[in-house]
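Step one of this worksheet: look at the structure below.
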Amino acid sequence: MPLDFTKHFVVVPTEFKLRNNTSCSWKVTVKLMNGRVTLDQGWATYAAVHHIKIGYMVTFKLLTPDTLKVIIFDDDCIEVVNKCGKHDEAFAAKE
């Protein structure tokens, strides 16, 4: 995530809920690495379940201090709408 992202927080959360365009929620942990905020545990599974491929663009919008809205665009810049067919119970966010 961009370095400027951290300026929105007094303390960067250790976990975020990712919410997509079908209201699916997913939990990922956050790691500070070399001064950058990175998505850690849960992100690889989220990317696989939501079929994010190389060349896709992923945008994040801060909804609440611990929730990010995720919008995925394919390599033709068309928004991808994926219903979460299966949650990994370890990472499914509880509402």
Response to the item:
Of 37, 70, 58, the only residue that is of a type in the set (A, V, I, L, M, F, W, C), open to solvent by less than 90 Å² (accessible area, probe 1.4 Å), in contact with a Ser or Thr (Cβ under 8 Å, 6 or more places away or on another chain) and modelled with pLDDT of 90 or more is 70
Discussion item. Residue pairs, Cβ under 9 Å, 6 or more apart or interchain, first in segment 18-42 and farther than 16 Å from residue 65 by Cβ and among the hydroxyl-bearing types (Ser, Thr, Tyr), second modelled with pLDDT under 80 and crowded, with 19+ Cβ neighbours inside 10 Å. List them.
Written reply: none
Worksheet item: So which residues in segment 8-33 are open to solvent by 40 Å² or more (accessible area, probe 1.4 Å) and either more than 23 Å from residue 57 (Cβ to Cβ) or in contact with a helix residue (DSSP H, G or I) (Cβ under 8 Å, 6 or more places away or on another chain) (or both), if there are any at all?
Response: 10, 11, 12, 14, 15, 32
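The values are calculated or read from the model by the stated rules, or taken from the named source; none is laboratory data. The structure displayed is predicted, hence computed values, not measured ones. Cβ atoms come from the backbone with ideal geometry, glycine included; neighbour counts cover every protein chain shown. Quick note on the areas: whole protein, heavy atoms, side chains included, nothing else; ligands and nucleic acids left out. Shrake-Rupley method; radii C 1.70, N 1.55, O 1.52, S 1.80 Å.
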